[in-house]
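Structure first, then comments.
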Amino acid sequence: MTGPEHWHEADLLTGDSDPCSYGCPHTGCEHEMATLARAQVHATLALAAAVAAGTAHRISPADRHEWLKATDPEYAAEQASGVTR
Ligand SMILES: [Zn+2]
């Protein structure tokens with residue numbers, strides 16, 4: 001997933017949909033907690049991707065390469081197939 005996709009997933013998970021799909025009668029059930037935990041992870045990954053993108057000009061080329069591989073699926077695919085850009 002890209003940073004924006006992680007952001008979108010976190011937004012969906014914390015949006016209007018019921019965080020528990022098991023029909024539990026009270027808020028705070030384990031399913032809701034798991035949904036919120038997933039949303040938090042997506043939000044953190046979105047933040048990391050945004051920081052990496054925003055600071056790419058200030059980090060070493062090797063670090064930039066590793067961050068792009070980790071946060072940009074298209075870049076990772078290009079690198080894996082030997083295409084350079
Ligand atoms: Zn539940």
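None of the figures in this text is laboratory data; all of them are computed from the coordinates on show. Computed from a predicted model, the values in this text were never measured in an experiment. For neighbour counting, all protein chains shown are included, and Cβ atoms are generated from backbone atoms with ideal geometry for every residue, glycine included.
Between the range 1-25 and the range 55-75, how many Å separate their Cα centres?
Distance between centres, Cα-based: 27 Å.
Say the dipole of the chain comes from +1 at the beta carbon of Lys and Arg and -1 at that of Asp and Glu; which of Pro73, Pro25, His57 then lies farthest toward its positive end?
Checked the options; the winner is His57.
For the chain, what percent of Cα pairs sit more than 14 Å apart?
Here the tail beyond 14 Å accounts for 68 percent of pairs.
Relative to the longest principal axis of the C-alpha atoms of the chain, give the angle of the C-alpha long axis of helix 30-54, reported between 0 and 90° and rounded to the nearest 10°.
20
Pop out the ³J(HN,Hα) list for the range 22-29 in order, Karplus 6.51 cos²θ - 1.76 cosθ + 1.60 with θ = phi - 60°, rounded to Hz; leave Gly and Pro as x.
In residue order, the calculated couplings are 9, x, 4, x, 10, 6, x, 6 Hz.
What does the net charge come to around Thr2 if you take all other residues with beta carbon closer than 11 Å to its beta carbon, with K and R at +1 and D and E at -1?
-4
Provide Thr2, Thr44 in ascending order of the number of other Cβ atoms located within 10 Å of each residue's Cβ, fewest first.
Thr44, Thr2
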